[in-house]
Amino acid sequence: MILGLAAGWFLYGWSLRALALAILVVSALVISLTDFRYQVVPDRLTLPGIAIGLLIAAISAHITLANALIGGVTGFGIFYGLAWAGEKLLKKESMGGGDIKLAAMLGVFLGWQQLGLAVFLAAVSAVTYLLLIRLVTATPLRSRVPFGPFLAYSAVASFVFGERAIALYLGLLAVNLD
């Protein structure tokens, strides 16, 4: 928590945005420890996180309540859809409910645009991790990899750098469209 508070204070001063970053950093740490070890993302973290994120959005200026709600619903919907499709295609559970609730929580803190960036970064980092592990060990590519830590840390990166990264991307896209 101290690291999260220090990072938030350094970047945003004493503000609700700094508190939101601290919550994301602590959540990422707890999720990493539990998901890698036990392959579970605790509801005791994600469900209160959704409520806290909505409260922060309602009283702060860094994200609107509407954007937080859209982000939460988007995160839940996309990950629920992925879990459903994965189960239908693979005939087994491909994503747990904890990841779905985590995506909803992160969507509340980030909004839908930065959530998209976080999901992209998480996918790239998880695939990179799996490929590196495969190169170093005899771990099969089909082995189960907990996605929560990748999603949580990517959300922290998106929270801090997301606005600039999206603006840069849109600026490059506009240049290519002309």
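The values are calculated or read from the model by the stated rules, or taken from the named source; none is laboratory data. What you are looking at is a predicted structure, and each value in this text was computed from that prediction instead of being measured. So basically every Cβ, Gly included, is an ideal-geometry build from the backbone, and we count neighbours across all protein chains shown.
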Counting only residues that are surrounded by fewer than 17 Cβ atoms within 10 Å (Cβ to Cβ) and hydrophobic (A, V, I, L, M, F, W, C), how many does the range 83-103 have?
4
Sole exception among (1) in a helix (DSSP H, G or I); (2) touching a residue at least 24 places away in the same chain (Cβ under 8 Å) for Pro146, by number:
(1)
Check on Ala174, farther than 23 Å from Val30 by Cβ and either in a helix (DSSP H, G or I) or among the aromatic types (Phe, Trp, Tyr) (or both)
yes
Screening Leu16, Leu55, Leu24, Leu33 for residues that are modelled with pLDDT of 90 or more and within 15 Å of the chain's Cα centre (by Cα) leaves only Leu24
Give the residue, chosen from Val73, Val108, that is part of a helix (DSSP H, G or I), touching a residue at least 24 places away in the same chain (Cβ under 8 Å) and either at positive phi or surrounded by fewer than 19 Cβ atoms within 10 Å (Cβ to Cβ) (or both).
Val73
When the residues of the range 1-13 are narrowed to those that are surrounded by fewer than 17 Cβ atoms within 10 Å (Cβ to Cβ) and under 19 Å from the mean Cα position of the chain (by Cα), which ends up modelled with the highest pLDDT?
Leu3
